[in-house]
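Working notes, structure below.
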Amino acid sequence: MSALVRRPATWVVALVAVLLTASALLGGAARPTTAAWTNAGFGTAAVTTGTWSDFGTCRVVNATSKAVVAGKPCTVTGIRWASNRDGKPVGQRTDHLYVTVSAPTASTGGNELIEVTANFAAATDIPATWVWSTSGYGGGNLAGSVAGWACSNLPTAKLYAPGWAAGGADVYLRLYENRAGVTGLACV
C-alpha cells in the first residue's frame, strides 16, 4: 500500500511542476494585443467666406469668373415674403420675395456679385400652403442665375445678387408656385 500512496504523490508533484513551467513560459511569451478596428474621427473647420444664418449663406464672387473673392465677409440678413395677391388657387400663385444681404467690403461697381444660397422657407409671412415641389424663381433685379441649380432644390435657392445690394438693399425676385412654362427662371 505504501507504493500506491507514493505514486500519486510523485504524479502530483510532477504535474504541478509541468503546470508551473508552462505557466511561466506562457506568461513570459505573452505579447500586447492591438485592436482590429479604428474609431471614427471628427473635426471642424471655420467658415472663411461667409456667415451662416437662418436665412442662408452668401459669399462675394468675381462677376466674370464667379471665383470667390477671399477676405470679404457676407451674411444673409433677411428674406421677406410679399404676397402678389393674384387671386389664383394654391399651386398656381405668383408671389414676391426680397432677399437682404450684408457684404460691407464688396465692390458695388459691377465687378463683384454676391452668390446667395437662400432658405426661402425662412421668409417671414410665408404661406403654409405654398407648394415647393412645382415652384421656380426668377426675374426681379437678380444679377443672374447660378448654372445648373435645380428648381427641385426649393425651398433652398441659389442666386446671384448684384454688388450694389451689398449694403443691405433688397434683392427682389418672383416666386412661381407652378414653374411649368415660365421663361427666365433662375433655376432649371
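The values are calculated or read from the model by the stated rules, or taken from the named source; none is laboratory data. What you see is a predicted model; the values in this text were computed from it and never measured. Here Cβ is always computed from backbone atoms with ideal geometry, including for glycine, and neighbour counts include all displayed protein chains. SASA here: full protein model, heavy atoms, side chains in, ligands and nucleic acids out. Shrake-Rupley method; radii C 1.70, N 1.55, O 1.52, S 1.80 Å.
Numbers below:
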quantity	calculated
Conditions (1) buried (at least 16 other Cβ atoms within 10 Å of the Cβ); (2) under 18 Å from Val90 (Cα atoms): number failed by Ala166	(2)
Meets criteria (in a loop (DSSP other than H, G, I, E, B) and aliphatic (A, V, I, L, M)) for Val171	no
Among the residues listed as Ala161, Ala166, the single one being within 23 Å of the chain's Cα centre (by Cα) and either of a type in the set (S, T, N, Q) or not in a loop (DSSP other than H, G, I, E, B) (or both)	Ala161
Pairs, first under 16 Å from Val99 (Cβ atoms) in region 164-188, second modelled with pLDDT under 95 and open to solvent by 70 Å² or more (accessible area, probe 1.4 Å), C-beta under 6 Å, six or more apart	Trp164/Thr108; Ala166/Thr108
Only one of Thr51, Thr38 that is at pLDDT below 90, on the phi < 0 side of the Ramachandran plot and surrounded by fewer than 10 Cβ atoms within 10 Å (Cβ to Cβ)	Thr38
Residue in region 127-138 that is among the aliphatic types (A, V, I, L, M), open to solvent by 50 Å² or more (accessible area, probe 1.4 Å) and modelled with pLDDT under 95 present	yes
Odd one out for Asn84 among (1) modelled with pLDDT of 95 or more; (2) open to solvent by 30 Å² or more (accessible area, probe 1.4 Å); (3) within 18 Å of Asn141 (Cβ to Cβ)	(1)
Residue check, Pro155 open to solvent by less than 50 Å² (accessible area, probe 1.4 Å), within 21 Å of the chain's Cα centre (by Cα) and either over 16 Å from Thr75 (Cβ atoms) or of a type in the set (Asp, Glu) (or both)	yes
The listed residue being open to solvent by 10 Å² or more (accessible area, probe 1.4 Å), without any contact (Cβ under 8 Å) to a residue 40 or more places away in the chain and closer than 20 Å to Thr75 by Cα, out of Ala106, Ala121	Ala121
